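Colleague: Provided herewith is a single structure, encoded as structure tokens, for subsequent inquiry.
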Amino acid sequence: MNARNVVLVGFMGTGKSTVASLIAERLGWSKVDLDTSIETAERATIPQLFAGQGEPYFRQAETNALIRELEGREGQVVATGGGAVLAEQNRAIMLGNGLVVALTASVETILERVQNDPNRPLLKGNAAASVPELLEKRKTAYDFAHLRIDTTGRTPESIADEIVGHVRKLLV
């Protein structure tokens, strides 16, 4: 395990992007939002990529973005998309290039955070049905992470502080 970078993984709505910004600020590192990196490289939004090219194309773009943003770099906090962990190659890239932290949350918390977000193509307009189903399918997908933190009922600041504490211990 190394702390050259911090890679946040977890289901949609667990707080990856918000917490990544706070960690980057506290450490003086840069923040990389993998979905934004994909949208920039592909010149299309995530929903457009899913609709026009399909999920397999998007997943390959995700792997390409991980390679581009992580390999050979350091001092970054990377917020991944919720499904980035599905490919074994992606998990290997993450583990080889930083401290991987899985953020989790209760179904109720996730629904509260994502149910009205139109930029979630996997929810297909029915978050109440899709979220529990996807969580069940991915229940072990985040087990490879070095750390696991439940964000339910916690502030992003307290979560960021906990992760920064782990990073600082590894950097000593």
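The values are calculated or read from the model by the stated rules, or taken from the named source; none is laboratory data. All figures in this text were calculated on a predicted structure; none of them were measured in a lab. FYI the Cβ positions are ideal-geometry reconstructions off the backbone, even for glycines, and counts take in every protein chain you see. Protein only, heavy atoms only, side chains kept; ligands, DNA and RNA dropped before computing areas. Shrake-Rupley method; radii C 1.70, N 1.55, O 1.52, S 1.80 Å.
Colleague: Taking into account only those residues within segment 51-64 that are in contact with a Gly (Cβ under 9 Å, 6 or more places away or on another chain) and open to solvent by less than 40 Å² (accessible area, probe 1.4 Å), which is farthest from Asn97 (Cα to Cα)? Full working, then the answer.
Modeller: Going through segment 51-64, the residues in contact with a Gly (Cβ under 9 Å, 6 or more places away or on another chain) turn out to be 55, 58-59, 62.
Then keep just the ones that are open to solvent by less than 40 Å² (accessible area, probe 1.4 Å); that gives 58, 62.
Values: Phe58: 22, Glu62: 16 Å.
That would be Phe58.
Colleague: What number of residues within segment 1-53 satisfy the criterion of being of a type in the set (Val, Ile, Thr) and at pLDDT below 90?
Modeller: Adding up the residues that qualify gives 1.
Colleague: Being closer than 21 Å to Lys169 by Cα and touching a strand residue (DSSP E or B) at 6+ places or on another chain (Cβ under 7 Å) is the requirement here; does Gly15 meet it?
Modeller: No; evaluated as a whole, the condition is false for this residue.
Colleague: Hey, another quick one. Those residues that are farther than 16 Å from Asp143 by Cα, in contact (Cβ under 8 Å) with a residue 60 or more places away in the chain and among the hydrophobic types (A, V, I, L, M, F, W, C), I need them from segment 75-110; list them, please.
Modeller: Within segment 75-110, Val77, Val78, Ala79, Ile110 qualify.
Colleague: Tally up the residues in segment 2-50 that are open to solvent by 50 Å² or more (accessible area, probe 1.4 Å), over 20 Å from Arg113 (Cα atoms), of a type outside the set (Phe, Trp, Tyr) and out of contact with any helix residue (DSSP H, G or I) (no Cβ under 7 Å at 6 or more places or on another chain), please.
Modeller: 6
Colleague: Right, next: In segment 94-103, is there at least one residue being surrounded by fewer than 19 Cβ atoms within 10 Å (Cβ to Cβ) and closer than 27 Å to Glu162 by Cα? Before you say what the answer is, go through the steps one by one.
Modeller: Residues of segment 94-103 surrounded by fewer than 19 Cβ atoms within 10 Å (Cβ to Cβ): 95-96.
Checking the rest, the ones that are also closer than 27 Å to Glu162 by Cα come to 95-96.
For segment 94-103, residues surrounded by fewer than 19 Cβ atoms within 10 Å (Cβ to Cβ) and closer than 27 Å to Glu162 by Cα: present.
Colleague: For segment 144-172, which positions are surrounded by 19 or more Cβ atoms within 10 Å (Cβ to Cβ) and polar (S, T, N, Q)?
Modeller: Scanning segment 144-172 gives a single hit, Thr151.
Colleague: State whether one or more residues within segment 134-143 are among the aromatic types (Phe, Trp, Tyr) and open to solvent by 30 Å² or more (accessible area, probe 1.4 Å).
Modeller: no
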